[in-house]
Amino acid sequence: MELPGGLVLRPWETTDAPAVREAFAEPGMERQADAPVGSESDAERWVRRRQDQWSRRTAFAFAVVNASDTALGGVAVSSLDTRHATGWVSYWTGSGARGGGVATLGCRALADWCFTELALFRLELGHRTDNPASCRVALASGFAAEGLQRRKLMYDGVRYDVETHARLVTDPVP
């Protein structure tokens, strides 16, 4: 899918492994991975897991790439519930792409794709309350704040509150 600013949303490819390794090497990014991504082979396995989820239709992850086809970040929908037509959205960007609208554009496109291609009705996401940049992405992508999950996540022995957001297919397009 083509996005504004020359960006493209596409499924992950094995050639994206170097960009994945580089992004997950940044401090704090290890929290975004489902397994450690410390080497090129780890990054290749990370990409293969995204591809496997896609083929099994359990989650759909996309790379947000620039005009040179370099992955700047990713967006995904998982925890799909076909009975209730819901899904859980996540997103991340490498440090070089932060603040440039990459995550917002990717989330908007992902939401549109989920509503049209998967026939989902409700998309949800959450972010730590100490991450205002993630909150700005959620709001700019049309996800309304809905509530607070107190001390939900724990990293390095510290508990964090999580703010939840949701976007419905009936909500205005941002």
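Within the stretch 63-77, which residues are free of Cβ contacts under 8 Å to residues at least 60 places away in the same chain and surrounded by 20 or more Cβ atoms within 10 Å (Cβ to Cβ)?
Of the stretch 63-77, the ones free of Cβ contacts under 8 Å to residues at least 60 places away in the same chain are 63, 65, 68, 70-71, 73, 76-77.
Selection gives A63, V65, A71, G73, A76, V77.
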For A97, the lone unmet condition from (1) open to solvent by 50 Å² or more (accessible area, probe 1.4 Å); (2) modelled with pLDDT under 95 is (1)
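Please determine, by comparing only the residues of the stretch 119-174 that are of a type in the set (V, I, T) and in a strand (DSSP E or B), which one is nearest to G87 (Cα to Cα). Write out each step before concluding.
Let us first name the residues in the stretch 119-174 that are of a type in the set (V, I, T), namely 129, 137, 158, 162, 164, 169-170, 173.
Next, only the ones that are in a strand (DSSP E or B) stay: 158, 162, 164.
Numbers: V158: 27, V162: 17, T164: 13 Å.
That would be T164.
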Within the stretch 1-44, the residues that are open to solvent by less than 60 Å² (accessible area, probe 1.4 Å) and assigned to a loop (DSSP other than H, G, I, E, B) are L3, L7, W12, E26, G28, A33, A35, V37, S39
Taking the stretch 100-134 and keeping residues open to solvent by 60 Å² or more (accessible area, probe 1.4 Å), closer than 19 Å to L3 by Cβ and among the β-branched types (V, I, T) leaves T116
Scanning the stretch 78-94 for residues that are over 10 Å from the mean Cα position of the chain (by Cα), at pLDDT 95 or above and open to solvent by less than 30 Å² (accessible area, probe 1.4 Å) gives A85, T86, G87
Note on the stretch 61-81: residues among the polar types (S, T, N, Q) and touching a Leu at 6+ places or on another chain (Cβ under 8 Å) are N66
Within 19 Å of F143 (Cα to Cα) and outside any helix (DSSP H, G or I): is that true of S68 in this structure?
no
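The values are calculated or read from the model by the stated rules, or taken from the named source; none is laboratory data. Only a predicted model underlies this, so the values are computations on that prediction, with no experimental measurement involved. Note: ideal-geometry Cβ built from the backbone for every residue, glycine included; neighbour counts use all protein chains shown. Heavy atoms of the whole protein, side chains included, go into the accessibility calculation; ligands, DNA and RNA do not. Shrake-Rupley method; radii C 1.70, N 1.55, O 1.52, S 1.80 Å.
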